[in-house]
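Some notes on the structure that comes next.
The values are calculated or read from the model by the stated rules, or taken from the named source; none is laboratory data. Quick caveat: nothing in here was measured; it's all calculated off a predicted structure. Neighbour counts run over all protein chains shown; Cβ positions are idealised from the backbone, glycine included. Surface accessibility is based on the protein's heavy atoms, side chains included, excluding ligands, DNA and RNA. Shrake-Rupley method; radii C 1.70, N 1.55, O 1.52, S 1.80 Å.
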Amino acid sequence: MDKNNLLTNKAEIAPKITTDTEHAIAIIEDVEEEDLYLPGTGPVIVKPYNTKFVDITSDTLSMSNLIDRFEYDEIELQPDYQRKGGLWSDSQKSRLIESILISIPLPFFYFDVRNDEKWEVVDGLQRLTSLREFIYDKTLVLCDLEYLTELNGKKFDELPRTYQRKLNESNFSTYLIREGTPDDVMMNIFRRINTGGIPLTPGEIRNACFRGAASNLVKALAECESFKIATRNKIKTDRMEDRDLVTRFLAFYLQSYTDYLGNMDLFLDSVLSSIKKKSNEKVWSKKDSENVLKAFDKSMKLCIELFGELAFRKMQKNKDGTLAWRYGKINKSMFECVSASFAKLSEEKQNKLIQNKEKFAEIFPAIFEGDFYTCVNSATGTIEHVRGRYESLNSFINMFLEEKC
């Protein structure tokens, strides 16, 4: 499967989209909202962590401490960490500076200080970015102030000395997550305090906690050209939604769906934690990451060959329960199940599917007549529906290969 052919001949391999109103296929972009668990229930608590491993202290951080760490690059504020810094508008940044000048206390900052040489921001990235831009970089120009309107249009060096001193002598309340705190505790902390004005997405949280080999692999998967083609370049990247999606593939490709115990977050965390641990122990190499990326690329190309523009989209049902020849947004559960299952097929089976792609595409809608539809449509994070969709798809593929090939 040549990548160039996929790029230039995508229309030829895609199922035909008819203009007949009765059978028209609607392509709706973006990713479907997911209902992971049954109404009134939540994820299964597989194994509560030991509270003795929670080592968090409160402390006061002065502006001079912050400036010193900015000077020596000892606070991680790179755009690839968490989400992009600078999501706030200049107006929001200016109001933060004004809050300090009129003595309004700021919310707590959370730092991961397990590596004292490089503190990582758990909560407060936008506030810290704003402080850096105004006081250290001196690039922010104040605007849209509510009370100190006479300061609009000014940079830090242009402020009266009284205001400069007020900022320089400011103190901030912080929580410091110290060495010894495990990754699973860190993930729980992230989720519990993730209630700010611009909450972190799941992809951003995992990127923050599993930096290194794990996050680098997820990034490489999300940047894979075949993934972008298979998803029509429509998965948002600015808040790492693409990374969250490919992590689903990674979790079910490197782990068995039979090991899933009812908590999607923990299952996704576990694969990244395993890669991080193996990398630290020198038993996960660059070659291992390359092999996963190769398997993912093959899976994506196979999905393009078989489904074209309709990849990872489920058929819709009418109110009377009958199937309609309409396809909606990309379905996360279908992406995870189809991509991981295809990646695990032998090269011989992948080639057989390609050789019979027209017939496969023709009969594939039949899978939505059975349990598969329910398993990718509702309560997709329950054990029953996770196992159900994999068993249904694997059975469908094996029956097709046995009967048609």
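Rundown of residues vs (1) more than 20 Å from E33 (Cβ to Cβ); (2) touching a strand residue (DSSP E or B) at 6+ places or on another chain (Cβ under 9 Å); (3) of a type outside the set (V, I, T); (4) in a helix (DSSP H, G or I), yes/no style:
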| site | (1), (2), (3), (4) |
| --- | --- |
| R206 | no, no, yes, yes |
| L217 | yes, no, yes, yes |
| L221 | yes, no, yes, yes |
| R239 | no, no, yes, no |
| R243 | no, no, yes, yes |
| V246 | no, no, no, yes |
| F249 | no, no, yes, yes |
| D269 | yes, no, yes, yes |
| I275 | yes, no, no, yes |
Among the residues of region 376-405, count how many are more than 17 Å from A311 (Cα to Cα) and either open to solvent by less than 30 Å² (accessible area, probe 1.4 Å) or among the β-branched types (V, I, T) (or both). 10
Looking at S333, S346, S395, which is the one that is touching an Asp or Glu at 6+ places or on another chain (Cβ under 9 Å) and of a type outside the set (D, E)? S333
Which pairs do you get when a residue that is modelled with pLDDT under 85, found in region 223-239, comes within reach of a residue that is assigned to a loop (DSSP other than H, G, I, E, B), reach meaning Cβ atoms under 6 angstrom, with the pair 6+ apart or on two chains? K234/E29; R239/R83; R239/T201
If you take the residues in region 139-163 that are more than 14 Å from D90 (Cβ to Cβ) and in contact with an Asp or Glu (Cβ under 8 Å, 6 or more places away or on another chain), which one is least open to solvent (accessible area, probe 1.4 Å)? L148
Quick check on region 246-265: of everything there that is among the polar types (S, T, N, Q) and in contact (Cβ under 8 Å) with a residue 60 or more places away in the chain, which residue is nearest to S215 (Cα to Cα)? N263
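Conditions (1) closer than 30 Å to N351 by Cβ; (2) open to solvent by 60 Å² or more (accessible area, probe 1.4 Å); (3) out of contact with any Pro (no Cβ under 8 Å at 6 or more places or on another chain), marked per residue:
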residue	(1), (2), (3)
Y257	yes, no, yes
L261	no, yes, yes
L266	no, yes, no
K276	no, no, yes
S279	no, no, yes
K286	yes, yes, yes
F296	yes, no, yes
K301	yes, no, yes
F312	yes, no, yes
